[in-house]
Amino acid sequence: MNLLSDDQKFQSAIGQLELQVREKRTDYELPELFDSLAGICASSDKPIVLMIDEVDSATNNQVFLDFLAQLRAYYIDRDVWPSFQAVILAGVYDVKNLKRKIRTEEDYKVNSPWNIAADFNVDMSFSKEEIEGMLQEYEKDHHTGMDTGKISGLLYDYTSGYPFLVSKLCKLMDEEVIGREGYENENAVWTKNGFCEAVKMILTEKNSLFESLSEKLISFPELNTMLKALLFTGKNIVYNFYEPSINIATMFGFVKNQNGILTISNRIFETWLYNLYLSAADMQSKEIYTASLQDKNQFIEEEGRKYFLLYLRPIINGTGNYYIESQTRGLRCTDIIVDYRGEQYIIEMKIWRGEEYNNRGEKQLVGYLDDYDQKKGYMLSFNFNKKKKIGVQEIIVEDKVLIEAVV
C-alpha cells in the first residue's frame, strides 16, 4: 500500500528525473525520458504545461527533432497516456520553421513533428500613440521635460514599433546615455541628440536580437542573398510570401509588406544590415570598383551609395549615425540622412545625366529639406562625362543652400 501523499509522489517523480540528469549516462534514451515525464504528469493533481525555450536555435539538432516528434505522439494520445496539458514552444518565430532543417549537404529537409498551426493576426508592434503613452507615464515619475510627441515619433520612425527595439532604446537612454559627457541629467538625455546617442549604442553593442538575426543570415544563405539584393540593387521586389526567401525573411522579422513591395522592417535593422554588409565589402571594394570602371554603363546609383558609405563610415563611426532611403513626411525618399555631432545632413546622390536631370534633382532635394526643416542640403553626382567639370560648388535654390559635388 502506497502511503505517499500526492505532493510526495509528485516530488518523487521530479527527483527521479533530476537524478537521471545528474547521472549523465551515455546510454540514456528518449523512451526513458518520456517514462519520467509521464510519471511526473501522472503524479500531479493539477494539469502541467511544458514550456521549451530557444526552439529555433535547436532545430538543427536531430535528437531535439526526435524529441519533438515523440512529444507530439504523447500529446495526441494524452487521453490514454499521462501527458502535458499543453506544450509551449518559446523562441520559435513560426511553427512552420520546424519544417526547415538546414544541413551542408542538402538545401532543405522537411522534418516537422507538428502539422497544426493557428493563424496569429495580432499586430505585436507598438503604435506611435502607444509609445507616447508609455513615455508620458515615465515623464510623470521623472519630470525630464521631454517632448513626448517628438521622442515617440523618433522611436517609431527608427523601429516601426518593434517592441524589443523600442524598449532597448529607452533603456539605453535611461541607464547608459545619462551621465555621459553632454548628458549629465535627464533633461539632456530625453532629446533628439540623446536619442541619437542611444541609436549609436544599440547599433554597436552585442545583444540577443542581433545575434539571433546574424545566425539566421548564416543558416539561410538565400535569405542573405535576397537582403543584399534588396539593400544594394535599388530594385523594387514584389512582396510574395510564398517565395521561399521572402517567406523566411518575413518569418524572422527582417522585412515587411509595404503596399505590395518588399521593404526592410525598420530603420535600425536596415542600418545594422548595411553596417554588416559594408564591413564585408571593405575588403572587396577594389574589385567592385575595378569592375564598375570596366563597364561604366552598369554603374548605378546604388553602387555609388555603397562607395560613399564605405568612405563615410570611418568618419562618423562612434560619433554619429546614418540611415538610408528614409520615408519623409511627404512620402518621398531621400538617399542618406546623417546625424553627426548634433547636426543633420540630407544627402542626395545621382549619376550625372545632364543639366535638366540635375535641375530636377535640385528641386527634389529642396523638397526633402522642407520635409526635414533644413536650410542646407548636399548633392553628390557621379560623372562619367569627360566634358563635365568635376568639383564642388554652392548654389541657392529658392531659400535653400545646396552644396553640389561632382566626382
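The values are calculated or read from the model by the stated rules, or taken from the named source; none is laboratory data. Quantities reported herein were computed from a predicted structural model and do not represent experimental measurements. Positions of Cβ are generated from backbone atoms using ideal geometry, with glycine treated the same way; all protein chains shown enter the neighbour counts. All accessible areas refer to the heavy atoms of the entire protein, side chains included, with ligands and DNA or RNA removed. Shrake-Rupley method; radii C 1.70, N 1.55, O 1.52, S 1.80 Å.
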Starting from the 7 Å offset along Cα-to-Cβ, what nm value, one decimal, do you get for the label separation of Trp81 and Asn236?
5.4
For the range 155-200, shape from the Cα gyration tensor axes a ≥ b ≥ c, cut at a/c of 1.5 then a/b versus b/c, turns out prolate
Quick one: ranking Asp339, Asp373 by accessible area, 1.4 Å probe, largest first, what do you get?
Asp373, Asp339
